[in-house]
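K.L.:
Encoded as structure tokens, here's the structure I'll be asking about.
Every number in this text was worked out from the coordinates using simple rules, so none of it is lab data. On a predicted model such as this, the values are computed, not experimentally measured, just so you know. Cβ sites come from the backbone with ideal geometry, for glycine too, and all protein chains shown count toward neighbours.
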Amino acid sequence: MKLKLLYHGNCFDGVSSAAIFTKFYNTAIHPGAEVEYAPTMHRAGNAFDREQLDGDENAIVDFKYCADDRLTWWFDHHVSAFLSEEDEAHFRADTSGKKFLDTNSASCAEFIARVGKEQFNFEDPFLAELIEWAHIIDGAFYDSAAQCVELRSSALKLMQVIEGEKDPAFVAQIIRWLTHRTLDEIVESQEISGRLEPILEQHKHSTETIRDRSIYERGVVRFDLAGTGIEGYNKFIPYYFFPETTYNVSVSQSSFRTKISVGSNPWAPRPRIHNIAEICERYGGGGHAVVGAVSLAPDELEKGRAIAAEIVEELSFED
Ligand SMILES: [Mn+2]
């Protein structure tokens, strides 16, 4: 008996959901089943390699629905859970009682735990710590910028490893550990601490570089990372050094694009008044009300800098 479990790859909630579903399945549904894991990622056009649905039972957690009769279990909480109206109709017509969607759930992990308890009489107090952290991380319910930048908690450290790990076999190992080891025990293990060291070193380097290059004026922090080799960074760093800021605007450059990133501080003393998605859309970019980006060709650095300067001007307060 083999369960194939597809989970949202490189995502703390996806991995947590896989661990919680594993324990649920092995306790309440099919004790002794062998579980095989596969990560799944957002791709343009179609989301699935359907050949992956090769278990005796197949489950997807924290990811889009797949309208395939081989899919036996499904849990998701994303608003964009369906690739098409046909997929949604396929889900609505399902009578198995094993496919679940709740777009109001902050994390898929807590959703699986809730359904397990309410409909299958499954409850495991050991999973409470993991469920709580999936809720904080996937719902972005952080206490402070310091919590996200200093990365003191084991959950946030493990999140860094999960988000950057390229070997699915190692992530499968993390999922199995999460079913019976605490987050502290996992992060203290040799396998994780060895992987964590270079990640934390890189994080420290980008934190210091952003601190040194940032300029704060009239409610906006701006910085330019072109030429530093830094392509991505923890989006809370500007708010850690400039808690008074409402917005941040940055320019970065990689081999495949020049990027203008625009964000807003969740803890700002002066609340955000602009819709950042709307501003980015004007320059061909997009995003959400609170965070957005514009991507240009890699050699359009000067154009990117000019756009960033215009956005900074628009976001700046009068004083
Ligand atoms: Mn999720």
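K.L.:
Which of (1) more than 12 Å from the ligand (Cβ to nearest atom); (2) within 20 Å of the chain's Cα centre (by Cα) is the odd one out, the single condition GLN52 does not satisfy?
P.N.:
Answer for GLN52: the failing condition is (2).
K.L.:
Which members of segment 73-98 meet the condition of being charged (D, E, K, R) and more than 16 Å from the ligand (Cβ to nearest atom)?
P.N.:
GLU85, GLU86, ASP87, GLU88, ARG92, ASP94, LYS98
K.L.:
Identify the residue in segment 26-49 that is touching a residue at least 24 places away in the same chain (Cβ under 8 Å) and within 15 Å of the ligand (Cβ to nearest atom) and, among all such residues, is nearest to the chain's Cα centre (by Cα).
P.N.:
MET41
K.L.:
Further question on the same structure: Could you list, in sequence order, all residues of segment 57-72 that are away from the ligand (no atom under 16 Å from the Cβ) and either of a type in the set (A, V, I, L, M) or within 11 Å of LEU5 (Cα to Cα) (or both)?
P.N.:
Matches in segment 57-72: GLU57, ASN58, ALA67, LEU71, THR72.
K.L.:
Report, by residue number, each residue of segment 178-223 that is within 19 Å of ASN265 (Cβ to Cβ) and either polar (S, T, N, Q) or touching a Lys or Arg at 6+ places or on another chain (Cβ under 7 Å) (or both).
P.N.:
Selection gives SER206, THR207, SER214, ILE215, GLY219, PHE223.
K.L.:
Which condition number does LEU101 fail, the rest of (1) more than 19 Å from ASP69 (Cβ to Cβ); (2) within 13 Å of the ligand (Cβ to nearest atom) being met?
P.N.:
(1)
K.L.:
To continue, here is another question. Residues PHE223, PHE170: which one is aromatic (Phe, Trp, Tyr) and in a helix (DSSP H, G or I)?
P.N.:
PHE170
K.L.:
Scan segment 132-155 residue by residue and report those that are more than 16 Å from the ligand (Cβ to nearest atom), assigned to a helix (DSSP H, G or I) and not acidic (Asp, Glu).
P.N.:
The answer is ALA145, ALA146, GLN147, CYS148, VAL149, SER154.
K.L.:
Does any residue in segment 3-25 that is farther than 16 Å from TRP133 by Cβ and of a type in the set (S, T, N, Q) come within less than 6 Å, Cβ to Cβ, of a residue that is away from the ligand (no atom under 14 Å from the Cβ) and not in a helix (DSSP H, G or I) six or more places away or on a different chain, and which pairs are these?
P.N.:
THR22/VAL35; THR22/THR179
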